[in-house]
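Contents: one structure, followed by commentary.
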Amino acid sequence: MVNKGSEDASTLDPIFRPRSIAVIGASRKKGSIGRNILHNLIEFEFNGPVFPINPQANVIHSIKCYPSLQDVPDEVDLAIIVVPKSLANKAVEDCGKKGVKGIIMITAGFKEVGGDGLEREREIGKILKKYQMRMVGPNCMGVINTHPDFNLDATFAPSFPAVGNIGFLSQSGALGAAILEHANELNLGISQFVSVGNKLDISGNDIVHYWAQDEQTKVILLYLESFGNPRVFTQLAREIVKKKPIICVKSGRTRAGAKAASSHTGALAGMDVGTHALFEQCGVLRVNTVEELFDLAQAFSRQPIPKGKRVAILTNAGGPGIMATDATVSVGLEMAKFSKDTVSKLREFLSTEASFSNPLDMIASANEEGYFKSLKILLADEGVDAAIVIFVHPVYIDAIGIASSIIKASKTQKKKPVLCVFMGRKNEASGIEELQKAGLPTYLYPESAAIAIAAMEKYHKIKTRKKGKVVTFKDVSPETAEKIFKKVQRDGREMLTDLEVNRVLAAYNIPMPPFTLVKSLEDAVRFTEQKNYPVVLKVISPDVVHKSDVGGVIVDLRDEAELVRGYMKLRENLAKLDPPLEDYEILIQEMVKGGKELILGMTYDPSFGPLIMCGLGGIYVEILKDVNFRIHPITDLDAKEMLENLKGIKLLKGVRGEKGVDLKAVMETLQRLSQLIGDFPVIKEMDMNPFMAFADRKKCMALDARMSIQPAEIEELTGKGTS
């Protein structure tokens, strides 16, 4: 949970920028965490006094030791607590009495073990609030700040990071240590690192907010296992990504509980959907693995962001060039088309056996001069936005010399990213280390470079996209909807009837075809005397959620004879069920033909709140799964992206001479749905499936819909103007 104090990022300064540090639980025992933390503070040359606290020792690591924090004669900004869990609460209380403002709680055995541990953690929270202290942890690995003014390594990690511009947050301490080690292997420098542990006080939101204002941090990397407050994260990230990229690995991608959902929307909304929707809305770049996280970190921390998706590939081997081409196209990038002037300049010095199209294959004999001149010319081409340079090690070529040539050529411009792929040797003479130290991301395979450029190009769009707005429609009647929801609650029901759903949607100006509930075949025939054929018959029953699954929908009845046969068939289908369906009514309505079937809906997620969905609809929606989710409330831009990012968007825009549907009408319906959900958080799940979209917006309407609400004792009825 984000604290009120997080509105002022400077409250984290005692943790990341302390002037003095006390290590409560410092130890003489080699290999212990208490000794390793003290050792790292000294070895990393922290710019301030360090006070070991241990009542059993006079000196630790050649530093005077104090029996208690109260015995330290000077002020203490930061306390690192490494005592056993039974002594941790008292240590926090001592910090408060001493006037300490920042705490890093390494000690474990709290919320993560449950029971008494949870209670101990709650007590620590009360002490923090009492003394207005900020704390990282408990159950964490610590904090690093490489800025030379501080030189702070308050962790027990075995290796020291290099100075750089990457802020890295890990919810896992063990993974954090491994990641720091890997960063060193890649010559990647960090600005600050934090292992947040249980997030009792300081959460990921606090850290992201802090790094947004840190001049040394240019790229933010996150490894998350859970969100504290997703809505606050969304608000923060939307602003931060306009200035700095946020790249995240989020674990926990599946949820078996979706099986129990009553709506299509609920069934499609697994645990990971909310995370994906949040990241898409706020512009966070998501990766699937830690390896991919580092692939992107290399590129974002070392190279400029491309202004487009046109990629030039330079290689000395045909096979890797083809691999790079396939990878580039598969991630949505484009192969740059070289200008005539570019090709002409290349022909002046490259072998006649070279391929002068893209990829530019200089063949195996390409030397240092060939790489330098070719890359310089490609980067000068206005039709090139980024370059991937591939080198496969022939035995007789100096790899370090090739690397030097690439470095030299990349410096002839500063606006286009250059990513390298050095395949083959990994020894000291491979040239890879030289490239990395010169700021050129270097990969073993072309796919990694292509994925990194695609992410950079996506980030360029994120930085430049317009800010959407939440639209509030005036032609709605929340009073009408409120009366319906109150009646459903009084009846002790969760599912609304079709008639009630129709009236709720009508109150928000979302149209459905006119219909009538009939008690007999004669009633159905009378309906057709006032309306036009064809008509459709549907079963209405509290025991039926998906009508098609029980044979409860008979469509395209074109005359009275077909109506009679359809009516009898419907009743026969319901009688064959096991057990037979007895409590039901039959609905008749005009059939809407043509158009494109969509599904619009929402489901409530315990972590993220209401999730709004749109996608290609119909009876196969759960099989095709061509849907997009966004977290409520959605903006006009969100509604547009939800539609345009569908795989089947070309079907909606019109193919082979067909007219496209009115996408603006669908977007408006999504925004009206968002307003309805904001006005009534009591809504648990709903579907409009199919929502028929036409070229003529007047014909766009929901043909079928279902809606359920939370039990009255769980949820307030209205949002009290939250929309």
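The values are calculated or read from the model by the stated rules, or taken from the named source; none is laboratory data. All figures in this text were calculated on a predicted structure; none of them were measured in a lab. Cβ placement follows ideal geometry from the backbone for every residue including glycine, while neighbour counts extend to all protein chains displayed.
All told, Gly551 falls short of being at pLDDT 90 or above, in the same structural domain as Asp696 (by TED's automatic domain parsing), surrounded by fewer than 17 Cβ atoms within 10 Å (Cβ to Cβ) and farther than 30 Å from Glu658 by Cα. For beta carbons closer than 7 Å, sequence separation of 6+ or different chains, a first residue in segment 648-670 that is farther than 14 Å from Cys614 by Cα and a second that is of a type outside the set (Phe, Trp, Tyr) and outside any loop (DSSP other than H, G, I, E, B), the qualifying pairs are Leu651/Lys596; Gly660/Leu652; Gly660/Lys653; Val661/Lys596; Val661/Leu652; Val661/Ala693; Asp662/Ala693; Asp662/Arg697. Kindly evaluate Ile397 against the criterion of being closer than 24 Å to Ile453 by Cα and either acidic (Asp, Glu) or in contact with a helix residue (DSSP H, G or I) (Cβ under 9 Å, 6 or more places away or on another chain) (or both). Spelling it out, it is not the case that Ile397 is closer than 24 Å to Ile453 by Cα and either acidic (Asp, Glu) or in contact with a helix residue (DSSP H, G or I) (Cβ under 9 Å, 6 or more places away or on another chain) (or both). Is it true that Glu457 is in a helix (DSSP H, G or I) and modelled with pLDDT under 95? Judged against the criteria, Glu457 is not a match.
Scanning segment 402-426 for residues that are small (Gly, Ala, Ser), within 21 Å of Ala364 (Cβ to Cβ) and at pLDDT 95 or above yields Ala403, Ser404, Ser405, Ala409.
Kindly indicate whether any position in segment 355-362 is modelled with pLDDT under 95, surrounded by 14 or more Cβ atoms within 10 Å (Cβ to Cβ) and in contact with a Gly (Cβ under 9 Å, 6 or more places away or on another chain). Looking through segment 355-362, at least one residue is modelled with pLDDT under 95, surrounded by 14 or more Cβ atoms within 10 Å (Cβ to Cβ) and in contact with a Gly (Cβ under 9 Å, 6 or more places away or on another chain). Going through (1) more than 25 Å from Ile106 (Cα to Cα); (2) out of contact with any helix residue (DSSP H, G or I) (no Cβ under 9 Å at 6 or more places or on another chain); (3) of a type in the set (Val, Ile, Thr) one by one, Ile240 falls short only on (2).
Scanning segment 570-606 for residues that are closer than 22 Å to Lys531 by Cβ and exposed (fewer than 14 other Cβ atoms within 10 Å of the Cβ) gives Lys593, Gly594. Just one of the listed residues (Lys340, Lys373, Lys309, Lys345) is over 30 Å from Gly204 (Cα atoms), of a type outside the set (Asp, Glu) and under 23 Å from the mean Cα position of the chain (by Cα), and it is Lys309.
Residues that are at pLDDT below 95 and of a type in the set (D, E, K, R) were ranked within segment 1-32; the one that is surrounded by the most Cβ atoms within 10 Å (Cβ to Cβ) is Arg28. Do you know which of the residues in segment 400-458 that are closer than 19 Å to Ala327 by Cα and among the hydroxyl-bearing types (Ser, Thr, Tyr) is surrounded by the fewest Cβ atoms within 10 Å (Cβ to Cβ)? If we take residues in segment 400-458 being closer than 19 Å to Ala327 by Cα and among the hydroxyl-bearing types (Ser, Thr, Tyr), then Tyr445 is surrounded by the fewest Cβ atoms within 10 Å (Cβ to Cβ).
Checked against (1) assigned by TED's automatic domain parsing to the domain that holds Leu581; (2) in contact (Cβ under 8 Å) with a residue 40 or more places away in the chain, Val471 meets all criteria but (1). A search for C-beta distances below 7 Å between a residue of segment 277-299 that is modelled with pLDDT under 95 and any residue that is of a type in the set (Asp, Glu), counting only pairs 6+ apart in sequence or on different chains, returns Gln281/Asp638.
Is it fair to say Leu169 is crowded, with 19+ Cβ neighbours inside 10 Å and part of a strand (DSSP E or B)?
Yes, satisfied.
Taking first residues from segment 167-189 that are farther than 21 Å from Asn205 by Cα and partners that are among the acidic types (Asp, Glu), the Cβ contacts under 8 Å between residues at least 6 apart in sequence or on separate chains come to Asn187/Glu433. Scanning segment 322-335 for residues that are under 30 Å from the mean Cα position of the chain (by Cα) and either of a type in the set (A, V, I, L, M, F, W, C) or not assigned by TED's automatic domain parsing to the domain that holds Ala449 (or both) turns up Met323, Ala324, Ala327, Val329, Val331, Leu333, Met335.
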